[in-house]
Every structure is written in structure tokens, then in C-alpha cells.
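The values are calculated or read from the model by the stated rules, or taken from the named source; none is laboratory data. This is a predicted model, so every value here is computed, not measured. Ideal geometry is used to build each Cβ from the backbone, glycine not excepted, and the neighbour counts take in all protein chains shown. Only protein heavy atoms, including side chains, enter the accessible area calculation; ligands, DNA and RNA are left aside. Shrake-Rupley method; radii C 1.70, N 1.55, O 1.52, S 1.80 Å.
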Amino acid sequence: MSRVGKQAILLGKDVTVRLSEARQVIVQGKGKTMEVPFYPELELKTEGEQLLITRKKDDTKTRSLHGLSRALIQNAVKGVTEGWSKVLLLNGVGYKAAVSGSTLNLNLGYSHPIHYEIPKGIEVKVEKNTRIVISGINRELVGQTAQKIRSFRPPEPYLGKGVKYEEEVIRKKAGKSGGEKK
């Protein structure tokens, strides 16, 4: 059995989970709702404040979907209760960010500013012009948005300038060595 799939999902007191007729797991909590696809090869059982996912068959495809489904539902439960967030830092002279409406405006050392349209369901806050906090209930969308913003100017290894995750460590390379002149 899948090590991830056999673990129970702990539901809080204010979280409800139900299976719709369209094979979607609907997770509701704290005024937020999220839908996760659910496969017909699996079964959903609720025991008190725990949610268990079991398999109907034991073939390779079903085993691979078992752990995946459990992880997706667990992420949805955490998303509607606590939420997900990523923090990006801007390192470089003149690098700054600002939010205006539903657009993130970035100055990253190019000759032009970058205007990024913030996806629905994502909240972006800018602190001190160089710290961007991305939050939302959908873990996949939060990570995807953070990666897209980081891709505008990834950190470079010589000076460490660019957009990086807060917990990311940039290993700096040595510059050119001054070799001997003859």
C-alpha cells in the first residue's frame, strides 16, 4: 500500500469534505471552498475527524493515483484552513516592486518595467519594495505564480542579483582571477 495514501487526513472542526456527482472532492472551511479531482478507482471514507482514501483495485495505475489523491486533498484542507504562501526577495540596485490593483509592477534592471497580471485567487503584498509575499488557498497556483515572478530575473551566481525565494541560498562563484601578466 502507498505510504502516503494510507495516512489519514486530519480534518479540523470547521472543515467539511464531500464528494460531488462529478467525481470532485469539495473541501470547505472558513468561508473558502476548493475542488479537487477524485478518481473512480478510489473510495473516500470519513471516520470522525479523519478522512481515509482506499483503493478498489490493486493495479499500477490505481496505486499511483492513491498517494496523489491523498496529497491533493491534504493540500486543499490545509489551503482552506491556513492557506499557502511563498516569499520572494529582490536583490539588486534599483530593484523594486509595487502592486497597483491586480497588477504587480517590477523594476528589475531592464530598460522597461515588467507588469505582471496577478491570477485570480492569489493575493500579492509588497513589503519594503523588495519583499513580495504571495498567498492563496491553492498550493499549485501559489507556487506557479512565485516561479513565474522569479523567472523574470533569476538570481545570478556572481553577484547574487535577481529574484530569489526567501529560503533559497545562492552559491556564489568566484569571479575572474587576475592571472599573471608577462
Applying the selection to region 34-54, what residues are more than 18 Å from His66 (Cα to Cα) and surrounded by 13 or more Cβ atoms within 10 Å (Cβ to Cβ)? Met34
Number of the exception - Gly31 against (1) open to solvent by 80 Å² or more (accessible area, probe 1.4 Å); (2) farther than 22 Å from Trp84 by Cα: (2)
Only listed residue being within 26 Å of Leu51 (Cβ to Cβ) and open to solvent by 70 Å² or more (accessible area, probe 1.4 Å), chosen from Glu117, Glu82: Glu82
Can you give me the number of residues within region 90-141 that are charged (D, E, K, R), free of Cβ contacts under 8 Å to residues at least 40 places away in the same chain and in contact with a helix residue (DSSP H, G or I) (Cβ under 6 Å, 6 or more places away or on another chain)? 0
Taking Lys57 as the residue in question, decide whether it is more than 30 Å from Arg153 (Cα to Cα), part of a loop (DSSP other than H, G, I, E, B) and either at pLDDT 85 or above or open to solvent by 20 Å² or more (accessible area, probe 1.4 Å) (or both). yes
Just to verify a result, which residue in region 153-182, among those that are of a type in the set (Ser, Thr, Tyr) and in a loop (DSSP other than H, G, I, E, B), is modelled with the highest pLDDT? Tyr158
Does Ser135 meet the test of being surrounded by fewer than 14 Cβ atoms within 10 Å (Cβ to Cβ) and not hydrophobic (A, V, I, L, M, F, W, C)? no
Give the number of residues within region 5-27 that are in contact with a Lys or Arg (Cβ under 9 Å, 6 or more places away or on another chain), of a type in the set (A, V, I, L, M) and within 18 Å of Lys56 (Cβ to Cβ). 1
